[in-house]
1. Could you look through the range 151-167, keep only residues that are surrounded by fewer than 17 Cβ atoms within 10 Å (Cβ to Cβ) and over 11 Å from the mean Cα position of the chain (by Cα), and pick out the one that is farthest from residue 132 (Cα to Cα)?
2. What is the one condition in (1) more than 28 Å from residue 208 (Cβ to Cβ); (2) part of a strand (DSSP E or B) that residue 292 does not satisfy?
3. Which one of the conditions (1) in a helix (DSSP H, G or I); (2) more than 30 Å from residue 226 (Cα to Cα) does residue 192 fail to meet, given that it meets all the rest?
4. Test residue 132 against the stated conditions and say whether it is more than 30 Å from residue 70 (Cβ to Cβ), touching a helix residue (DSSP H, G or I) at 6+ places or on another chain (Cβ under 8 Å) and modelled with pLDDT of 90 or more.
5. Return the residues of the range 58-114 that are outside any helix (DSSP H, G or I) and surrounded by 21 or more Cβ atoms within 10 Å (Cβ to Cβ); say none if nothing qualifies.
6. Kindly indicate which of 337, 373 is within 30 Å of residue 203 (Cα to Cα) and in a strand (DSSP E or B).
7. With the structure loaded, tell me whether residue 229 is crowded, with 22+ Cβ neighbours inside 10 Å and either over 18 Å from the mean Cα position of the chain (by Cα) or in contact (Cβ under 8 Å) with a residue 40 or more places away in the chain (or both) or whether it fails that test.
């Protein structure tokens, strides 16, 4: 086989003029190793790979095969030179870069792995998850990953989502800051950060992230109102720091742009008379530092039955079944806009869940029916 390779050497030399200096370099490596290939570890595999390259020297995959064979045979330097040639022949082929990355990964060459990963990320999203795992395994921190991919917004968002889903909150925040500074962050990105922070009981940071992301959207938030979108002027984003509506069989809740106290919208909750419902399906989270506060809103009713009406309740997320604080309930018939409020004090910072509630009635005729409108919901420092 070695003799046959030497016979082919003249063909290789003729190809070199078209293939460039890197081909000549790799050919010389092969030629110098021909006499020893059969006796070295993995020699048969290396010889077969050399023959395959000789038969198709323009194939990036043939050069990858040769590089891997040399790597397994312990000839790392030659393997790296062959892999370099493979990348020259297939600069836009993700698998070529990935095969070289695996060799660099095995050798613990973090810098080369990062370089290859950046190239692959620029070509395809198909390998995002495994690449991010490789970088984490090598200890490549988010600052380096983000900096290396600063021109690739798709890869940056994918990396951010990977960190958020993995629950790596400090790393997620680092990637988030980069996205936010460059105005690349979407509502969905901010919501993921908020969710991650809330899960780890970092309500104050979650509120700061949401406020920074939505700066200018609600002029009162959070300096003059600790509840975002308290007037229901904007479509709900789905954030825990905005109003969330959970489905219920016995009631519907929507933004109403027809009936409102002021502005352009209110919240409309219609009870369908199907059951004696324990309702708390519209809510949002708010962080309050130690101090005294007022929770208040305006409520209007139409044809509301049952002795148990609708009210606002604020409860500590650390004790969701605790007593919390509640405004007075509005119940019975039809009435115009009425203001309700509750004053409370907390001795330490807390993340509160502020929710629209109705508790079950003990009366026989207790299936609630009717419509409630709520507007101008505020959570403010008590004067």
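1. In this case the residue turns out to be 151.
2. Result: residue 292 fails condition (1) only.
3. (2)
4. no
5. 75
6. 373
7. yes
The values are calculated or read from the model by the stated rules, or taken from the named source; none is laboratory data. As the structure is a computational prediction, the values presented were derived from the model and not from experiment. Quick reminder, even Gly has a Cβ in these numbers, built from the backbone with ideal geometry, and neighbours come from all protein chains shown.
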